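Contents: one structure, followed by commentary.
The values are calculated or read from the model by the stated rules, or taken from the named source; none is laboratory data. Being a predicted model, the structure only gives us computed values, none of them experimental. We place every Cβ from the backbone using ideal geometry, glycine too, and count neighbours over all the protein chains shown. The area values use the complete protein model at the heavy-atom level, side chains included, leaving out ligands, DNA and RNA. Shrake-Rupley method; radii C 1.70, N 1.55, O 1.52, S 1.80 Å.
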Amino acid sequence: MPATQMPMRYGHPEGHTDVCFDDSGSCIVTCGSDGDVRIWKDLDDDDPKSINVGDRAYSCALKKGKLVTSVSNNTIQIHTFPNGAPDGILTRFTTNANHVVFNRDGAKIAAGSGDFMVKIVDVMDSSQQKTFRGHDAPVLSVSFDPKDIFLASASCDGSVKVWQISDQTCAISWPLLQKCNDVINAKSICRLAWQPESGKLLAIPVGNIIKLYRRETWRNEFDLSDNFITLPLNVVTWSPCEKYLAAGSVNGCIVVWNVETKDCMERVKHEKGYTICGLAWHPTSRQLAYTDAEGNLGLLENVCDIDGTKSSSKVSGMGNKVYSHLFDGDDDSDNADNGDFLNENMEFQLIPKGRTDYEDDEDDLMLASGYPRHRNHILEDDDSSVEVALMEKGSHCEKEEEKDEHWGSTHAVLLSTSRRPFYDGPMPSPQQKPFQSGSTPPHLTHRFMVWNSVGIIRCYNDDQDSAIDVEFHDTSIHHATHLSNTLNYTIADLSHEAILLACESTTELASKLHCLHFSSWDSSKEWTVDMPPHEDIKAICLGQGWAASATSALLLHIFSIGGVQKEVFSLPGPVVSMAGHGEQLLIAFHRGTGFDGDQCLGIQLLELGKKKKQVLHGDPLPLTRKSYLAWVGFSAEGTPCYVDSEGIVRMLNRRLGNTWTPICNTKEHCKGKSDHYWVVGIHENPQQLRCIPCKGSRFPPTLPRPAVAILSFRLPYCQIATEKGQMEEQFWRSVIFHNHLDYLSENGYEYEESTKNQTIKEQQELLMKMFALSCKLDREFRCVELAELMTQNAVNLAIKYASRSRRLILAQRLSELAVEKAAELAASLNEEEEDFRNKLNTSSTTEWSQPRVVNHKVEENNSEDSEEADEIEEKTDLHKNRQNPFCKNGSSADGPAIKSVTSSNQGRVNPFKVSASSKESTISVNPTSSNILDNMKKLSKKSTVPNRTANKEKSPVLKPLIPKPKSKQVPATNFFQACTSQTDKIVEEKKNPENSLSESPAMSAQNIENERPKTGFQMWLEENRSDILADHPDLSEEPDIIREGMNRFRMLSDEERKAWAHKAKGGATKETETKKRKEPSLDNTKQREQGNPKENLNLSKKQKTLDISTNQKLSAFAFKKD
């Protein structure tokens, strides 16, 4: 049976790591770059004992209760074991000691250092030392002869030397290795090893092969190699019985040979392909511990057969004449073994102690899970043994030649069988086992059964006690609870209403579902359901008013929260995990068999409300290559999400046909390769990914209580470092993370209207910034594309921006787009009104008449709110003496049409009322306004206040919420009328003074009343503006005119300036009223033509200096001169 590869687990930080067993094999000892020595009871030990020996540990050895380490302070230290008490310093070097080993009886140690020296020190009396000099470079490794006669050492000078211990002389030296100047530059650390009992052979890793030299003759007896090894070997070690030799390479390959037959018995590939730098056999059992250069610890079980029974049975099986019986018998047992091992292997992948990320999948699947199983495994081993036997036939001794003859009888059978065709394509991936999101592996004694946004359920399964603790984040929901776990519950879920527990069946008891309905108003708060025979619960979840369980019979049972059995239906495949939120049920299951390390999963999304429906019909679940599902659930707002083992978080995009969008990569936030984030919750508003950082593991320990970290989201958009890419990512992330508002609206849930308004405002601001950037880059086509994403109000602002930037073609395009958006809005309003009328017509007459009274009240409230808002806006001086270019006469066809749509709207806002439309339109399209996006804020507030008033008057029945229309959404073709010169407007006012007064009498009167008194300089500038322009016709900008006026005003005498100041204080109001009443002359008309636009522009400039914001900076972009 091939060796079982246990999952790797984090041992030390990145760097060289060494490993050994104690004398009895009861624990594993490792040391690493953090200077700690850790003692592991087994690979699942979550709390190994740590002994700090220095800043950095390079090597460790353990014998007879003495722990020896080589540390970064150039010393060889000794500690007691397992207490870890310091017991002194054995010896010192001038540089770091790279390797230290015990002799067979543990009385002496040998160490090789970077100062080219090798020392042997007596453990009991450190003064007795022997130093061996002869290497010309740092020493890589040393190895004691079990008879204490010789000592072997390898060095960076390329030589391997064997020393005579008694006289400290070099017995033999072989130039086998590649030369280098330091250990860190060596291609291999060349951990050589003697046979542990007899010491007849010395194994030396040289490149891709192992050379074995016979004792005393120092002759190269034979070499061991395998095609599986592609890079140099790093370390070798003998089994305690001397029959097997294991080696690890720099690319993570571990190979085990039978030294007698020279057969390759095991081939295992590291999960990540990291360098194997430590290798140790268990002293009694068939285990092989190994460490890599990233600080991880691994374990191989069932390695070969220490007693040699496997090889003998293997040989007898080969000699059997009935060759088919060999495969028939093995196939049956293999199928059972394979099935068990697939489950075990997948369980390890779900137990995130190490890194089982399906990398190097072909090697993992063909080696760690069995190589193409016994049949091909035997054939390949025998073929390699035949090749070795043929190569070494002439050089072996008499005994080995007899072995070759014995094996020669099976050559014909082996070669003929190897020509049979065998499958060499993609290998199937082991199916992921079911799991509960937010839980840690069930084999742990202390574990999390679930950690979600409601609370935490912990399970303690000690020898003395087995209990479950329930803790709520919000204690107002329920107090903490302690439960006994006599039935060995392994699955749990927690909601605001109940605690749900489940256990698997035993030989005596059936699988049970246990619910603690703590929110029940009666005294009976618990119920239990037994599953049918041979049906185990694999996954459970809780929703609002319901509970669900998926079983091994591919059935899903739905219960009410009180214990009533409801629907039951079949699942398309074995369940992987489930999650519930409100009325939504999310099910992940196996759609089929994945290949090359991939999982083939499907997803179902059901709504279990009054109108039950299936949203996702078993669609494929996208996963990262060679990954598996690690967490599945809902955001706090109810959007389905999931996380895979590679740390990619995906969210359902309902607007894009229920597709999955990656929103975060937790690996980008990890500092180390072995670090992970354990997700516990997702929030869309605010945008937060709540998770627990795990150092060197995939899940946190129960104690101490882990701290929750908050990660930010980022969509994988291109060119994220540029300003354009950042704004695009922010915009679409805002769109995706606020899709839940539309879902809540469509399903009749309540939500804050201010949240949606604020979201729309942020999105429109981003679009306006991207629009301005595209204009700056002369990307007018891109500007139109961005405008298609804007609301009509933002399109009107974009038209104004394009016009001020002298992009008339772009402004015309945007004007056409604004007309289309206005038509679409009117059509949608008509459709909604018709639907609303149809619903009301189906109700009784009393139901119709009652809301109409409410409607009158709401309209009165709306009119009062609008009047108050008008008074607030009239107090501002942003838009003085400006006529609304979008305003229409009362006889216009558009006005009554909009009125008719909203007049009968029950309890809704009427944003197109005549009393407010003129002022709102003035704010939205005023060409000289410097506060563009702030106006959007005013309008959103204005439309929100009546809406809240109306909601108070509504009936409690939830209805879909629709966006509220804005009164300023009028055809944008009138914009060019607003862009005409001031002369035409004033002439028009002269010809039709009654019309102009009738359109906005209140506005003009209030503007006169609220106008600020002018300064003396302003009054002087108004009278002398024409003279300044006549003397300097090249002055086109208002700041230049003001600057020239200031220079002339300073040249006046003090008496003249005081007179102008007194005139401004005393007669400003009277003069203004006189100017408004009397008929202007032709000269005054010309002066207004030139002065008024500049004056208003000047006022806007002053306002900009008073209140500078980001929105004003964006709007002021149009004033910049090319």
- Query: Can you tell me which of SER173, SER127, SER155, SER166 is surrounded by fewer than 20 Cβ atoms within 10 Å (Cβ to Cβ) and touching a strand residue (DSSP E or B) at 6+ places or on another chain (Cβ under 6 Å)?
  - Reply: SER173
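Would you pick out the residues in segment 440-451 that are in a loop (DSSP other than H, G, I, E, B), surrounded by fewer than 24 Cβ atoms within 10 Å (Cβ to Cβ) and touching a Ser or Thr at 6+ places or on another chain (Cβ under 9 Å)?
Going residue by residue through segment 440-451, those that are in a loop (DSSP other than H, G, I, E, B) are 440-445.
Still in the list and also surrounded by fewer than 24 Cβ atoms within 10 Å (Cβ to Cβ): 441-445.
The answer is PRO442, LEU444.
Given segment 714-796, what helices (runs of 4 or more DSSP H) lie entirely inside it while holding 2 or more residues that are among the polar types (S, T, N, Q)? Lay out the reasoning, then the answer.
Details: elements: 723-736, 739-746, 753-776, 780-787.
Per the criteria, 723-736, 739-746, 753-776.
Just for segment 662-719: of the residues that are of a type in the set (D, E, K, R) and within 19 Å of MET651 (Cα to Cα), which one is least open to solvent (accessible area, probe 1.4 Å)? Explain how you work it out, then say what you get.
Looking only at segment 662-719, we keep the residues that are of a type in the set (D, E, K, R), and these are 667-668, 671, 673, 675, 684, 690, 695, 698, 705, 714.
After this cut, where a residue has to be within 19 Å of MET651 (Cα to Cα) as well, the list is 667-668, 684, 690, 714.
Working: LYS667: 61, GLU668: 112, GLU684: 2, ARG690: 80, ARG714: 115 Å².
Looking at the filtered set, the residue picked out is GLU684.
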- Go through segment 4-22 and give me each residue that's among the hydroxyl-bearing types (Ser, Thr, Tyr) and open to solvent by 20 Å² or more (accessible area, probe 1.4 Å). TYR10
- Query: Counting just the residues of segment 64-81 that are under 16 Å from PHE21 (Cβ atoms) and part of a strand (DSSP E or B), which one comes out nearest to the chain's Cα centre (by Cα)?
  - Reply: THR69
- Log entry, pairs with first residue in segment 196-210 being modelled with pLDDT under 90, second being open to solvent by less than 40 Å² (accessible area, probe 1.4 Å) and outside any strand (DSSP E or B), beta carbons closer than 7 Å, six or more apart or on different chains, reads PRO196/PRO146; PRO196/GLU242; GLU197/PRO146; GLU197/GLU242; SER198/GLU242; GLY199/ASP145; GLY199/PRO146; GLY199/ARG215
- Breaking point among (1) of a type in the set (D, E, K, R); (2) within 21 Å of VAL162 (Cβ to Cβ); (3) without any contact (Cβ under 8 Å) to a residue 40 or more places away in the chain, for LYS108: (3)
- Hey, can you tell me all the residues within segment 23-38 that are touching a strand residue (DSSP E or B) at 6+ places or on another chain (Cβ under 6 Å) and open to solvent by 20 Å² or more (accessible area, probe 1.4 Å)? ASP36, ARG38
- Considering residues of segment 819-862 that are hydroxyl-bearing (Ser, Thr, Tyr) and either touching a helix residue (DSSP H, G or I) at 6+ places or on another chain (Cβ under 6 Å) or surrounded by 11 or more Cβ atoms within 10 Å (Cβ to Cβ) (or both) only, the residue modelled with the lowest pLDDT: SER843
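Kindly state which strands (runs of 3 or more DSSP E) lie completely within segment 513-574 and contain at least 3 residues that are more than 20 Å from THR490 (Cα to Cα) and open to solvent by 20 Å² or more (accessible area, probe 1.4 Å). If you could, list the steps in order and put the result at the bottom.
Values: elements: 526-530, 537-542, 546-551, 555-560, 565-570.
Counting at least 3 such residues, we get 565-570.
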- Long-range neighbours under 8 Å by Cβ, at least six apart or interchain, first residue small (Gly, Ala, Ser) within segment 264-285, second in a loop (DSSP other than H, G, I, E, B) and open to solvent by 20 Å² or more (accessible area, probe 1.4 Å): GLY273/ASN251; GLY273/GLU359; GLY273/ASP360; SER285/ILE306
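Looking at SER577, is it within 27 Å of GLY455 (Cα to Cα) and surrounded by fewer than 18 Cβ atoms within 10 Å (Cβ to Cβ)?
Numbers: within 27 Å of GLY455 (Cα to Cα): yes; surrounded by fewer than 18 Cβ atoms within 10 Å (Cβ to Cβ): no.
Against the criterion (within 27 Å of GLY455 (Cα to Cα) and surrounded by fewer than 18 Cβ atoms within 10 Å (Cβ to Cβ)), SER577 does not qualify.
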- Count - residues of segment 120-150 that are free of Cβ contacts under 8 Å to residues at least 40 places away in the same chain and not aliphatic (A, V, I, L, M): 13
- Item | Test set (1) assigned by the TED database to the domain that holds CYS277; (2) assigned to a strand (DSSP E or B); (3) aliphatic (A, V, I, L, M) - ALA61 fails condition number | (1)
